[in-house]
Structures are given as structure tokens and as C-alpha cells.
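K.L.:
Handing you a structure now.
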Amino acid sequence: MREIYVHQDYTRVGYYKSVLDEAGIPNLIRNDATHSSLTEMPSPIFFPALCVLHDEDYDRAMKLLGEIHCAQPSDLPDWQCSKCDAEVPGNFDSCWQCGFVRENTTASPG
């Protein structure tokens, strides 16, 4: 198991987890229980940490996350998931939290 991303904001870690899930890369979030009760803890040892379960998936996972991290921001506005009420970035066609597919995904080509 190898750690690939740590951040105080559980939402960011959860988003990256959904990217790895979609790519079929086995992973887990360590310290996922601390995000609700210890969100103000200043030490990174308490922050949610995304880990790949198999070391051989590390390079592929880092490449995928690097492409997303460096991508241009979306011109589309963020949207509210009608199933779980999560706020979802405009460039997502499905909810990062529950997987619900946005009904109106028509974006004009740029």
C-alpha cells in the first residue's frame, strides 16, 4: 500500500478516490473517520490520505491524478446533486459522492 494524496479537505480526497475507482485502481482513504470529528486538527497525521492498495498501481494512479490536477478549470458552473445534495464541480457529469449522473449535461462545444 502506498500513500498518494493527503489533504485536510475530505472532499478533494474523495474526488480523487472516485477517479481511481472509475479507473479500476484499488484504493482506500486512511483517516476517513477523522474528517467529521477532527476537521480542525492542524496536524497532517490526522488528514484523510488516499492510498493505492497495490504498489504496482502507484505510477498509473499518480499519472491519472496529475492529469486532473493540472487540467484547465471548467467554464461550467458547479451544480447541486439532486440525489445527495453534494456540490459538484461543473466539469463533472456525475456526482463525486454518490455517482448520480447529471440530467442536463449539454455543454456547448468550445
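K.L.:
In the stretch 95-110, which residues are at pLDDT below 85 and either touching a Lys or Arg at 6+ places or on another chain (Cβ under 7 Å) or surrounded by 14 or more Cβ atoms within 10 Å (Cβ to Cβ) (or both)?
P.N.:
Trp96, Arg102
K.L.:
Related question: Starting from residues that are at pLDDT 95 or above and assigned to a loop (DSSP other than H, G, I, E, B), keep the ones in the stretch 24-81 and report whichever is surrounded by the most Cβ atoms within 10 Å (Cβ to Cβ).
P.N.:
Per the stated criteria, the residue is Ile25.
The values are calculated or read from the model by the stated rules, or taken from the named source; none is laboratory data. Because the structure is a prediction, the values reported are computed rather than measured. Using ideal geometry, Cβ is built from the backbone for each residue, glycine included, and neighbour counts are taken over all protein chains shown.
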